[in-house]
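The values are calculated or read from the model by the stated rules, or taken from the named source; none is laboratory data. The model shown is predicted, which means the values in this text are computed figures rather than measured ones. Here the Cβ is made from the backbone with ideal geometry for all residues, glycine too, and neighbour counts use every protein chain on show.
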Amino acid sequence: MNTSVGTKARKKQPSLSTRTLRQAPVSADAHHLEISLLSLENACMRILEGDYAEGQDTESLYWQQRLMNIAKPISLALAECNGRRRFHYHYRHREDDESILHPVLENPLDTLAQVSQDALKACHSTLVGIQDESLLKARNMLENAMQGFLLRYRDLKKA
């Protein structure tokens, strides 16, 4: 009894260079922006899901909570780049009638850039005095990711 199960010839996967040639061209700035978004998302997730306080002393827990408070709005804005709008930066009350809300920023990348600028300022003003090495590394990782995103975002806006 002849069966055809497992007898179909398999196609060879094209190499990476031929696959990239067939795809639509992506600008270098957009590619670098995507990489910076991924690094920013990675930094936020490490801070929000990590336990950086080696000891359970109150000072380490205090600085960990402050760092998490800075990373949370960035995480929300990153989530909105791919999903629904939920963040409070999107709507403001009209000057003449406070019962009516109107949208502020339509592009989620603009919102993320604004949130990142605010968070970078907060890092420089409120996270001064951290003694814990792991918290210092986490703060530096977040600051570098935010600066990288803002640099790529400005490059994309110029083009």
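Some points to look at:
- Boolean, Leu48 is surrounded by 18 or more Cβ atoms within 10 Å (Cβ to Cβ) and either charged (D, E, K, R) or at pLDDT 75 or above (or both): no
- For the stretch 102-133, the candidate set comprises residues that are closer than 14 Å to Arg66 by Cα and small (Gly, Ala, Ser); within that set, the residue that is modelled with the lowest pLDDT is Gly129.
- Gln147 modelled with pLDDT of 95 or more and not aliphatic (A, V, I, L, M): yes
- If you go through the stretch 123-135 and pick out every residue that is surrounded by 15 or more Cβ atoms within 10 Å (Cβ to Cβ) and not charged (D, E, K, R), you end up with 5.
- The sole residue among Glu54, Glu41 that is modelled with pLDDT of 90 or more and of a type in the set (D, E, K, R) is Glu41.
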